[in-house]
Amino acid sequence: MASSEPDDGVLLQRISAGDGDALLILHKRYANLVYSMAWRVLQDVGLAEEVTQDVFIKLWQQGQRYDAGRGRFSAWLLSVTRFAAIDRLRHEDRRPFVAGQSSDDPQAPASLEQLLPTDHASWERGQHLRLLLEQLPVEQRQVVELAYFGGLTHSELASYLGLPLGTVKGRLRLGLEKLRSFWLEVPEGRQ
Amino acid sequence: MEHETIEGLIPAYALGATDPDESHVVEEHLPSCSQCRALLVDHRMLADDMLFAVSPISAPFGLTERMQKRLELARPAEAQRPWWTRLRRGLLVPALAAAILLLVVSNVYWIGRTQGLERRATTQTSTFEALVDAPAVYLQANTAVAGEQGVVYASSDGALALVCVYGMPALPADKTYQVWLVKDGRRESGGVFNVSEYGFGLLVVRPQGSLDGYDSMGISVEPAGGSSAPTSPHVLRGSL
């Protein structure tokens, strides 16, 4: 982000005062990041775009919902996007994306330059975590990703995968514990 | 359920992947187990970082231009709300002053009609006058989700208080919000109220004694009509 550009807090104040230009600046700043999360959950260009736009329209209409005391704006925005995308997934009655499946419509990767202005440290930790996820045995990675990006609970995972409940619980627990161990070894983890 | 079993649920709980009955067990266990609380903190931080564990993808071309078009069609909700739901603390005093003015005008009219109505209107006016200069006490959310907050304006003689809440979830028809005045652990009902679809609500509380004699005020969700004692945890609370 160029130093002359207003920071997120200033833009949010302007948005709550009804300044549409401020929302467009924020949109330009975060659209790739929000779209990346929406696409990760939905695996559909049209739905991901709709969710992305809906998230910003809600920000326009309910911008005061973000509480700066509870974390960074970029993390809050991604969290809102994840829940909105999971809601849309359920509403459309679509099956969550399973790790290892290839997408029918591969998307153009964004350059780091397009994404880094958001929050360098969080982005770096998240990308490291993405690599750590790939080191998990595929059956553990599958349940972790379905739970996180598909919004499935233990019993929903068991039903979705056609596996006994105990097996699913064990895989999710082992996967998350391993991920935590890897993550604790990362120098910048837990910051 | 044993500690080890519950501890095993913590990673999934942090991710939001436990079923409702499992979440309930974890939530009952957490207050008494520092080990599980520490584990939960780790897994919550891990879950937060996972938000950024997505492959970077470029948004479709022209997305910002399409956003601009949608924006032109969507006015901020603020501008669409009824005026009274937009009242915030800074506007409350002028709003109350306007209310007083209206009351005074109506009083003048009614003074000529009956002595009884005159006395009643004067009492209402003095009620609002007492609240205009009242100091504010803030009520905090137990677990803030959507910016819930409250402000209490207590009259100097402690005989009444105006409770204003913002950002509260609207309740179903069989539920209501109820104000509780707490003194030495005893809870006395201050009245019930509901909020608008935008989460705004008001209630004038007239305590049995002076407000100064109470330790705190809380608001809980109760069955419609209110309860004789709280049946759910408070959603807002503040020291008086």
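The values are calculated or read from the model by the stated rules, or taken from the named source; none is laboratory data. Since the model is a prediction, treat every value here as computed from it, not as a measurement. We place every Cβ from the backbone using ideal geometry, glycine too, and count neighbours over all the protein chains shown.
For the range B:53-65, the candidate set comprises residues that are surrounded by 19 or more Cβ atoms within 10 Å (Cβ to Cβ) and either more than 11 Å from chain A (Cβ to nearest Cβ) or β-branched (Val, Ile, Thr) (or both); within that set, the residue that is farthest from A:Ile57 (Cα to Cα) is B:Val54. If I go through the range B:9-24 residue by residue, how many of them are part of a helix (DSSP H, G or I) and either charged (D, E, K, R) or surrounded by fewer than 18 Cβ atoms within 10 Å (Cβ to Cβ) (or both)? Residues in the range B:9-24 being part of a helix (DSSP H, G or I) and either charged (D, E, K, R) or surrounded by fewer than 18 Cβ atoms within 10 Å (Cβ to Cβ) (or both): 5 in total. Restricted to the range A:19-49, and to residues there that are of a type outside the set (A, V, I, L, M, F, W, C) and touching a helix residue (DSSP H, G or I) at 6+ places or on another chain (Cβ under 7 Å), the residue that is farthest from B:Leu51 (Cα to Cα) is A:Gly20.
Among the residues of the range A:8-40, those that are more than 10 Å from chain B (Cβ to nearest Cβ), free of Cβ contacts under 8 Å to residues at least 40 places away in the same chain and not aliphatic (A, V, I, L, M) comprise A:Gln13, A:Arg14. Residues in the range A:135-152 that are within 10 Å of another protein chain (Cβ to nearest Cβ) and surrounded by fewer than 21 Cβ atoms within 10 Å (Cβ to Cβ): A:Gly151 only. Against the conditions (1) surrounded by fewer than 19 Cβ atoms within 10 Å (Cβ to Cβ); (2) outside any loop (DSSP other than H, G, I, E, B); (3) modelled with pLDDT under 90, A:Tyr160 satisfies every one except (3).
The number of residues in the range B:25-52 being within 14 Å of chain A (Cβ to nearest Cβ) and in a helix (DSSP H, G or I) comes to 16.
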